[in-house]
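One structure is given below, encoded as C-alpha cells.
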Amino acid sequence: MVSIHLSIRTSFALITCAAAIATTAHARTPADARGIAETATSPAQTSPAQSPFLGEWELDLTRMPGNYGPPPRKVTYSFRDIGEGQWRTTIEIVAPDASVRKVSIRYRRDGQPAQSQGDNVDGDSAALLSPASDVLVMSIAKDGHLGSVRTYSISANGEEMTESAASVDQNGAPFVRVFHFRRVRSS
C-alpha cells in the first residue's frame with residue numbers, strides 16, 4: 001500500500017492544473033484554450049490585496065546561518081502593491097560598519113525580467129514569480145549572468161517569512177542558506 005501526503009500548496013496547484021485542463025477541454029479554438037489556461041493558472045490573477053507578502057519584514061538576526069559570516073546590523077524587506085498588477089520591493093541592508101545598501105525593484109509576478117534601482121552589488125535585474133499566494137521565487141542576475149535564486153515563503157500564521165537563498169561560493173560549490181524574517185508591519 002502506497003501512502004501519498006500532499007501539502008496544501010501542492011494540493012492547490014494540482015487542483016488549479018486540473019481545473020485548467022478541464023476548462024480548456026471545452027474551449028472552441030486553440031486560442032480560447034490558451035487564454036482559459038492562462039487565466040486559470042496565472043499567479044498574476046491572485047488579488048494583490050490578499051497577498052500575505054505585502055508589508056514590511058525584518059531579518060531575525062538571532063537565527064542567522066552559521067556559515068554566513070559577520071551578520072548585518074539590520075535587514076528589511078518592504079513589499080508594496082503599486083497598482084496595475086505591479087509590486088515594488090525595497091531591500092535595505094545596514095552593514096556591521098553602519099553603511100547602508102538599498103535596492104528597489106518594480107515588477108509583475110510573472111517571471112519576466114525587471115531592472116533594479118540602487119545598490120547593484122548582488123544584481124542589476126531580477127525576475128519574480130508567485131506560483132502560490134504564499135510563495136515568491138526570485139532569480140537575480142548581474143551583467144546578464146545568474147547571481148542567485150531566492151525562494152520566499154510565508155508561515156501559516158502570516159507572521160514569518162523564510163528566505164531560501166541558493167547560489168555558489170567562490171570555489172563554485174553550490175549552497176542554500178535559510179534566513180528568517182518577522183513581520184514588522186502589514187500593508
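The values are calculated or read from the model by the stated rules, or taken from the named source; none is laboratory data. None of the values given here were measured: they were computed from a predicted structure. Counting neighbours? That spans all protein chains shown, and the Cβs are built from the backbone with ideal geometry, glycine included. What goes into the accessible areas is simple: the full protein's heavy atoms, side chains included, and nothing from ligands, DNA or RNA. Shrake-Rupley method; radii C 1.70, N 1.55, O 1.52, S 1.80 Å.
Which distance in nm do the two modelled labels at D169 and Q117 give, with both placed 7 Å along the Cα-to-Cβ direction?
3.7
Could you work out how far apart the two model spin labels at A98 and E160 are, taking each label as a point 7 Å from the Cα in the direction of the beta carbon, and quote it in nm?
It is 3.3 nm.
What accessible area, in Å² to the nearest ten, does a 1.4 Å probe give for E159?
90
Could you order R73, R80 so the one with the most accessible surface comes first? Probe is 1.4 Å. Don't jump to the answer; show the numbers that get you there.
Values: R73 140, R80 85 Å².
Correct descending sequence by accessible area is R73, R80.
Could you bin all the Cα-Cα distances of segment 55-185 into 10 Å bins starting at 0 and give me the percent of pairs in each, rounded to whole numbers?
The calculated distribution, bin by bin, is 12, 43, 39, 6, 0.
Length gain on complete extension for the stretch R63 to R88, per 0.36 nm per residue less the alpha carbon to alpha carbon distance?
Taking R63 through R88 to full extension adds about 6.4 nm, to one decimal.
In percent, how large is the relative contact order of segment 110-187, given Cα pairs closer than 8 Å and 6 or more residues apart? Show your work: numbers first, answer last.
Details: 153 pairs, mean separation 13.8, N = 78.
Normalised by residue count, the contact order of segment 110-187 is 18 percent.
Relative contact order for segment 55-187: what is it in percent, counting Cα pairs under 8 Å that are at least 6 residues apart?
Working: 314 pairs, mean separation 27.3, N = 133.
Computed over segment 55-187, the figure is 21 percent.
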